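Reading through the structure tokens given below for one structure.
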Amino acid sequence: MSKSDVNIAFVTLTDELLALVAGGADPGYAPNDNARGRVGPGTRWKWLGNYYTPEALAHDNAVRGARANGSNGFVAHLGALPLLPGAATSYLRARFAPGPNDKHLPD
């Protein structure tokens, strides 16, 4: 293969696309929507701080999705139970070694 056989194309990435590809894009946290994505039960347990993680967001979305489909609160939380350990342990990561998609909002 010679140099003339190689065709390299460069693509310009927007800041948003680069953040999405490299990590660091906001996955959809909604602090004003009963703290969707915050580790902990809604806005209660203030002592946890305001740490938002993808795992907590997945748990919140699972609960809210089940509620939107007609489940009562207990059944919705029961269905999202497999996501709870990941959401709870993500708090430690977000607090002590944050990943690119973890977010900490001031209290």
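The values are calculated or read from the model by the stated rules, or taken from the named source; none is laboratory data. No experiment lies behind these values; they were computed from the predicted model shown. Here the Cβ is made from the backbone with ideal geometry for all residues, glycine too, and neighbour counts use every protein chain on show.
What to note about this one:
- Only a single item in (1) without any contact (Cβ under 8 Å) to a residue 40 or more places away in the chain; (2) under 15 Å from residue 31 (Cβ atoms); (3) exposed (fewer than 13 other Cβ atoms within 10 Å of the Cβ) is not met by residue 106, and it is number (1).
- Pairs where the first residue, in the range 39-53, is without any contact (Cβ under 8 Å) to a residue 24 or more places away in the chain and the second is part of a loop (DSSP other than H, G, I, E, B) and surrounded by fewer than 18 Cβ atoms within 10 Å (Cβ to Cβ), C-beta under 9 Å, 6+ apart: 42/34; 43/31; 43/34
- Filtering the range 33-91 to residues that are among the small types (Gly, Ala, Ser) and on the phi > 0 side of the Ramachandran plot leaves 35, 37, 40, 42, 49, 70.
- With respect to the conditions (1) polar (S, T, N, Q); (2) surrounded by 10 or more Cβ atoms within 10 Å (Cβ to Cβ); (3) modelled with pLDDT under 95; (4) over 18 Å from the mean Cα position of the chain (by Cα), residue 14 lacks only one, and its number is (2).
- Any hit, the range 77-93, residues being of a type in the set (D, E, K, R) and without any contact (Cβ under 8 Å) to a residue 24 or more places away in the chain: no
- Consider the range 46-58 and keep the residues that are within 13 Å of residue 91 (Cα to Cα) and over 9 Å from the mean Cα position of the chain (by Cα). The one that is surrounded by the fewest Cβ atoms within 10 Å (Cβ to Cβ) is 47.
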